[in-house]
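Okay, structure first, notes after.
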Amino acid sequence: MATLSIHKLRFQQRGPFSLRIESEQSVSLTGPSGAGKSLLLRAIADLDPHQGDCAIDDQTCSGMPAPQWRRFVGLLPAKNVWWFDTVGEHFDNHEQPWLANLGFDTDVMRWTVSRLSTGEQQRLALLRLLQNQPQVLLLDEPTASLDAENTQRVEQLIAEYQAAQHCPILWVTHDPEQATRIARRHLAIKDNQLRETGSHSL
Amino acid sequence: MIPITPWDLAIAAVLVLLLGLTSLRLQLGITQSLFIAAIRTTVQLLLIGLVLKLLFDTVNLYFIAGIATIMLAVASREVLARQQRRFSGWWSIGLGSVSMFISSFSITLFALWVIIGSEPWYSPQYAIPLLGMLLGNTMNGVSLSLDRLTHGAWQQRDIIEQRLMLGATRNEAFLDIRKQSIRAGMIHIINAMTTAGLVNLPGMMTGQIIAGSPPVEAVKYQILIMFLIASGTGFGIITAVTLATHRLFDERHRLRLDTLTVKSK
């Protein structure tokens, strides 16, 4: 069980943004490109200098070493990068429980990264992130280069992970239909303001 | 030793002139820098010859310290000039000078006090050539390593940040680039030691033998110099790379490429 709270976050002439996402709550985030959606996720993950602070329950970001914080808040960037030759080298353990959920078998661990399609990279990047067992998920268009079938697989897996870990999720998407599928609370960044664009309680 | 007359040097200069004219014909675009370099080497070496003569006649610690400071300043400037991406502010020049000072100066002092034991210890006949060889080699190593390091940080910024996102510390995320850049700076001296005597006869030893020293004496000095250069270069590079790494990341393990500026052409 964890709650993510963001308190007066300012970065690169943007903000202040404040936000609270409850345990097991999903929030969609939209906004024109350049509005600062990705920058907001980066600031929450403490990757860029910023003012203000974030916390998971009562554990603040500034109160713990940055690498530890980044393991707690799992950021899945829009552009994912691989540095070893094979997929398996990026994983601690080749027996990843969710491989099949995303349409892979364990053979994928022996594949070379250069052979992966963009969509395969995107799905595997999600698995790579989940092996840290993050308590919060910050997802930057995690299905941007996926077809309908794989989009559904990813949405399904994230929902399962959330149900198991009770984690809050902040999900950047450009697809309004996806936003209504994955979240009941919707936010948009517009004119340097974080606005609720429609919230339906259960 | 057979003395060399100015005429002898002039004849050798004709060779460089011929090379320059050839490269002009072939449009290699190096003629001008070749001539400037040839003139610089003549003027600079003649001047240092005069300075050394003066130094040998006076043997004054402050005078020698002054010369050493100038040598360090020129080497630091050279390290900076060879960087495509530089640190902003004082770090740009400070990085090279601090790391070369720490390694070259302390190893020269160590060699003078403990190994050679010259009287007085700052005897310019030993102190200045030793420091010069150490500084020169350390300068090459440090500038190569730093250039690799900042280039690597810039080019692989996505990989570094991806690893940070997944919870790596700055050291873990930057380890590969650090290793590569230290290796790049060290490889020259390691190769030189590997092939010394088989392929290349080191310049200092050759000079001593021509000047009439017994070959085995010259060889012992050359081995000493090789060891000093290897350790001076190595420690200098490690210091520079450690300081630069410290500057490239902040205390929250963020990659801070904003500490770098690109050299303007």
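The values are calculated or read from the model by the stated rules, or taken from the named source; none is laboratory data. Note that the structure is a prediction, hence the values are computed from the model and not measured. Virtual Cβ from ideal backbone geometry, glycine too; neighbours counted across all protein chains shown.
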Determine if the range A:45-66 includes at least one residue that is surrounded by 22 or more Cβ atoms within 10 Å (Cβ to Cβ), away from every other protein chain (no Cβ under 13 Å) and either free of Cβ contacts under 8 Å to residues at least 60 places away in the same chain or within 20 Å of A:Ile189 (Cα to Cα) (or both). no
All positions within the range A:69-78 that are without any contact (Cβ under 8 Å) to a residue 60 or more places away in the chain and at the interface with chain B (Cβ under 7 Å from one of its Cβ atoms): A:Arg70
Hey, A:Arg185 hits all of (1) at pLDDT below 95; (2) out of contact with any His (no Cβ under 9 Å at 6 or more places or on another chain); (3) surrounded by 13 or more Cβ atoms within 10 Å (Cβ to Cβ) but one; which does it fall short on? (2)
So in the range B:181-199, with the set limited to residues that are loosely packed, with under 12 Cβ neighbours inside 10 Å and of a type outside the set (A, V, I, L, M, F, W, C), which one is nearest to the other protein chains (Cβ to nearest Cβ)? B:Thr194
Selection within the range A:47-67 - of a type outside the set (A, V, I, L, M) and more than 21 Å from A:Glu22 (Cα to Cα): A:Asp48, A:Pro49, A:His50, A:Gln51, A:Pro65, A:Pro67
Pairs, please: C-beta under 9 Å, at least 6 apart or cross-chain, first residue in the same structural domain as B:His151 (by TED's automatic domain parsing) and in the range B:74-89, second in a helix (DSSP H, G or I) and among the charged types (D, E, K, R)? B:Arg82/B:Asp147; B:Gln83/B:Asp147; B:Gln84/B:Asp147; B:Arg85/B:Asp147; B:Phe87/B:Arg247; B:Ser88/B:Asp258
Based on what the data block shows, is A:Gln25 closer than 20 Å to A:His174 by Cα, crowded, with 18+ Cβ neighbours inside 10 Å, more than 13 Å from chain B (Cβ to nearest Cβ) and not charged (D, E, K, R)? yes
In the range A:104-130, how many residues are farther than 17 Å from A:Ala144 by Cβ, more than 14 Å from chain B (Cβ to nearest Cβ) and surrounded by 14 or more Cβ atoms within 10 Å (Cβ to Cβ)? 4
Report those strands (runs of 3 or more DSSP E) wholly inside the range A:1-104 carrying at least 3 residues which are within 15 Å of the chain's Cα centre (by Cα). A:26-30, A:73-76
Is it the case that some residue within the range A:32-44 is surrounded by 17 or more Cβ atoms within 10 Å (Cβ to Cβ), within 14 Å of another protein chain (Cβ to nearest Cβ) and of a type in the set (D, E, K, R)? yes
If you check A:Ser33 against the conditions, is it closer than 20 Å to A:Asp140 by Cα and at pLDDT 95 or above? no
Filter result (aliphatic (A, V, I, L, M), in contact (Cβ under 8 Å) with a residue 24 or more places away in the chain and touching a Leu at 6+ places or on another chain (Cβ under 7 Å)) within the range B:147-165: B:Ala153, B:Ile160, B:Leu164
Quick one: would you say B:Ala127 is out of contact with any strand residue (DSSP E or B) (no Cβ under 7 Å at 6 or more places or on another chain) and surrounded by 22 or more Cβ atoms within 10 Å (Cβ to Cβ)? yes
Is it the case that B:Ala68 is under 20 Å from the mean Cα position of the chain (by Cα) and either surrounded by 10 or more Cβ atoms within 10 Å (Cβ to Cβ) or among the polar types (S, T, N, Q) (or both)? yes
If I go through the range A:177-202 residue by residue, how many of them are of a type outside the set (S, T, N, Q), in contact (Cβ under 8 Å) with a residue 60 or more places away in the chain and touching a strand residue (DSSP E or B) at 6+ places or on another chain (Cβ under 8 Å)? 10
